[in-house]
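Structure record follows, encoded as structure tokens.
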Amino acid sequence: MKRLIISLATVAIFLFFFVSCYYDSEEALYPALSTSCDTTNVTFSGTIVPILDNNCFACHSNNTAASNNTIPLQNYADVLAKADRIIGSIKHLNSFSPMPKSGGLIKTCSINQFDIWVRKGMLNN
Ligand code: HEC
């Protein structure tokens, strides 16, 4: 009987320490969430141009636009003039041509960063 109590107590103590305290980090469980999205240092040259470069320049750079029958979106002035069209296109909103053409949505982080750049006054920084 004494043995039984001791072994039950041992099991209980074991469970208490190793099972009841359950620590998980969100970053470890969902690596996709932890890839940080820099929403504080959003600039034209450092953020917007790389987004366009990665997703759009294949058809919208100064060199590729003409042959793809598109508008160039490489220079600040071109992007500024089309900012609202770009926003509608990358969010796939109704009545906008969804971009990238024949592709899925670009990263949510990139869409948010573009939004932030527009809200902060579309600076040429
Ligand atoms: C595979 C080629 C291709 C890629 C990549 C592409 N586009 Fe386009 N884009 C086009 C073509 C072709 C048109 C003109 C026909 C149309 O509007 O669908 C166009 C038109 C546009 C327009 C004008 C639409 C309007 O309402 O006047 C905008 C803005 C635009 N694209 C933004 C983007 C952005 C931003 C990206 C990157 C996230 C992108 N595109 C990626 C081919 C592309």
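I'd like the accessible area for T40: 1.4 Å probe, protein heavy atoms, all chains in place, Å² to the nearest 10.
Only protein atoms counted, so the area is about 100 Å².
Straight-line reach from K91: which lysines have Cα under 28 Å away, leaving out those fewer than 8 places along the same chain?
Cross-link targets: K82, K101, K107, K120.
Before anything else, pin down the relative contact order of region 37-119: Cα pairs under 8 Å, at least 6 apart, normalised by residue count, whole percent.
Over region 37-119, the number comes to 30 percent.
Using a 1.4 angstrom probe on the protein heavy atoms only, line up S89, S102 by accessible area, largest first.
S102, S89
Assuming R0 = 22 Å, what is the FRET efficiency of T108 and D78, from their Cβ-Cβ distance, to the nearest 0.05?
0.35
Quick one: length gained pulling M122 to C37 fully straight, 0.36 nm per residue minus the C-alpha distance? Let's see the in-between values first.
Numbers: separation 85, 0.36 × 85 = 30.60 nm, distance 1.89 nm.
Full extension from M122 to C37 adds 28.7 nm.
What distance in nm separates the simple spin-label points at N62 and H92, each placed 7 Å from Cα in the Cβ direction?
3.3
The values are calculated or read from the model by the stated rules, or taken from the named source; none is laboratory data. All values derive from a computational prediction rather than experimental measurement. Here Cβ is always computed from backbone atoms with ideal geometry, including for glycine, and neighbour counts include all displayed protein chains. We work out accessible area using only protein heavy atoms, side chains counted, and drop any ligands, DNA or RNA first. Shrake-Rupley method; radii C 1.70, N 1.55, O 1.52, S 1.80 Å.
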